[in-house]
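K.L.:
Got a structure for you, questions after.
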Amino acid sequence: MGESAERVEVEVVGIEPSTSEVAPWGSLEQKSVECSVERKKSLRARYSYGIIFLFINLVAWLVRDYGQRASPQLHYLKACGIGGHDCFLTMGVLRVSLGCFIFFFVMFLTTCKTSKLYEARSAWHSGWWALKFAILIFSLVVPFFIPSDFIQLYGEFARVGAGIFLLLQLISVIEFISWWNNYWMPDEIRKQSCFLGLFMSTLFYIASVCGIVAMYSLYAPSPSCFLNMFFITWTAILLVVIMAISLHSKVNRGLLSSGIMASYIVFLCWCAIRSEPAIGKCSPQKQANGHSDWTTILGFLIAICAIVMATFSTGIDSQSFQFRKDEVQQEDDIPYKYGFFHLIFSLGAMYFAMLFISWNLDSSTRKWSIDVGWASMWVKIVNEWFAATIYLWKLIYPVVKQTKVMDHEDPVQQEEDSAFP
């Protein structure tokens, strides 16, 4: 009896720890649900910031094109100058842009080190909208009381910030092209053949060639259009160079990524040439006569939405700019880097300002136009060449790195061989 009682007691004692493990599992499940809720709030918040960014830039456009109608009400503001002239057109755009920059830069400073969903800064990023709305209104109003000299200084600073934004956007686009190439590459696990990738690469190259031919016929109809002919010819040479290096035996990156990149630089060249002022016979665009047709208005609105989407996609693509990409994502980690997201939007505010004033701080642009002028044209052309340079370096760098490693290992191997008789 004593031995059997002890045996039963031992069995009961052995069972108790297993029953006590139910509570931790329940708390883990609750924590997982809470993490899911916080993650959804965070993902929804980014769309709210995108809408705010779009709204502010529409305000900047209204101030540029229709701000002079409010000039009688601005005469009492000393910062707006005589007749309120310094609070609309170019200076008005810069003031609204400064307000947008202040708002998103404050958000960057208050969220830049956030890593977990349960931090107070994560709750600040995803909530407290009434307070953030008050900060936004304050940020937009304050620049209209700042003297014009400081606004002009901000315009010079915005040129640099817009250039940094373009660089970050290029890196994001090139990383996306690499991801797309890897996704369509043949994969034995997913039983994916190379047919689809070959078809897509052929399609992109055909589109690129058609784009080159169309630009020659539209923007270089005569030998006098030397500048346009040079831009288009140089773009065609870049296409050939990119394809040749991609197919080189040491690189061997295939045609898909190079085809996508070729289409992208053709698109950049087309955007650059279209930014030229509509003068002479080298541009099919008609000179503005003070009125805008529906195609101009539609193109203007599409351009604004496209730039907002590009800013949004770059802001959530923080992984392309991480030095370590092998970090394991935990359940309570934030879905995207809040600080980087707001930093991109603050730089995007500067970029939008440059588009509205055509990168020129001394002259105003016509109504319903965006990014038109010789300065805008050269910025886009340099952007195209820079994009091609970054992509080519990304193709060549692994080969150069491997060659350096092999050259470093050869002398070491020779020393080891000479050590043995």
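K.L.:
For V37, V93, V382, what ranking results if the residue with the fewest other Cβ atoms within 10 Å of its Cβ goes first? Spell out each step's value before the answer.
P.N.:
On the way: V37 11, V93 29, V382 14.
Listed from fewest to most nearby Cβ atoms, that is V37, V382, V93.
K.L.:
HN-Hα J couplings of the stretch 39-46 from phi, Karplus 6.51/-1.76/1.60, θ = phi - 60°, integer Hz, Gly and Pro as x?
P.N.:
5, 5, 4, 5, 5, 6, 5, 5
K.L.:
Further question: Please report, largest first and rounded to whole Å, the three semi-axes of the ellipsoid equivalent to the stretch 45-166, where each semi-axis is the square root of five times an eigenvalue of the C-alpha gyration tensor.
P.N.:
Semi-axis lengths for the stretch 45-166 are 30, 15, 13 Å.
K.L.:
Further, regarding this structure: Could you order peptides 42-49, 339-346 by the average number of other Cβ atoms within 10 Å of their residues, highest first?
P.N.:
339-346, 42-49
K.L.:
OK, next. How many angstrom separate the Cα center of the stretch 233-283 from the Cα center of the stretch 121-177?
P.N.:
Here the two parts' Cα centres lie 31 Å apart.
K.L.:
Moving on. Taking other Cβ within 10 Å of each residue's Cβ, how do I177, I316, I357, I164 sort, fewest first?
P.N.:
By the 10 Å Cβ count, ascending: I164, I316, I177, I357.
K.L.:
Sort Y391, Y219, Y66 so that the residue with the fewest other Cβ atoms within 10 Å of its own Cβ comes first and the one with the most comes last.
P.N.:
With the fewest neighbours first, Y391, Y219, Y66 line up as Y66, Y219, Y391.
K.L.:
In debye, nearest 20: dipole of the stretch 46-163 around its Cα centre with unit charges on the Cβ of K, R (+) and D, E (-)?
P.N.:
340 debye
Values quoted throughout were computed directly from the atomic coordinates according to the rules given, and no laboratory measurement underlies them. These numbers were taken from a predicted model, which means no experiment stands behind them. Glycine also receives a Cβ, built like all others from the backbone with ideal geometry; neighbour counts cover every protein chain displayed.
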